[in-house]
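Structure first, commentary second.
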Amino acid sequence: MTSEIPHDPNARLDYGWDWSAWLADGEAITSHTVTATGGLVVESSAVISGSVVAWVSGGTPGRASLTVHIVTSAGRADDRTTRVLVQHR
């Protein structure tokens, strides 16, 4: 079972995905997208030292997800999904 990260619908939080161990020597993330479900809003995102960081707000109470898709300088592409439980805390 995959755990869910709690997120209050009134919160504005940063979420990160560390790709540094997955990247080969000299390889870099050249593009990325972060998509959200469940009413979560991706306000902005950036690549920082082999990680993708996204600022996320909102959400409708219930289960949601954040998915990051990257493409690298070596032409590789991959996704990671974080499961989120939107609930008032």
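In the assembled protein chains, Leu13 presents an accessible area of approximately 60 Å² (probe radius 1.4 Å).
Distance between the modelled labels on Val47 and Gln87, one decimal in nanometres: 3.6 nm (7 Å Cα→Cβ projection). For Cα Rg over 2.2 N^0.38 Å, the value calculated from this model appears in [x] 1.27; [y] 1.13; [z] 0.98 under label [y]. Report, to the nearest whole %, how much of the accessible area of the chain belongs to carbon and sulfur atoms, 1.4 Å probe, protein only. Ligands and nucleic acids excluded, carbon and sulfur reach 50 percent. Mean-square fluctuations from a GNM of the chain, with a 10 angstrom spring cutoff on Cα atoms, peak among Ser57, Ser65, Ser49 at Ser49.
The values are calculated or read from the model by the stated rules, or taken from the named source; none is laboratory data. Since this is a predicted model, take the numbers as computed values, not measurements. Cβ coordinates were reconstructed from backbone atoms using ideal geometry, including for glycine residues, and neighbour counts include every protein chain displayed. Protein only, heavy atoms only, side chains kept; ligands, DNA and RNA dropped before computing areas. Shrake-Rupley method; radii C 1.70, N 1.55, O 1.52, S 1.80 Å.
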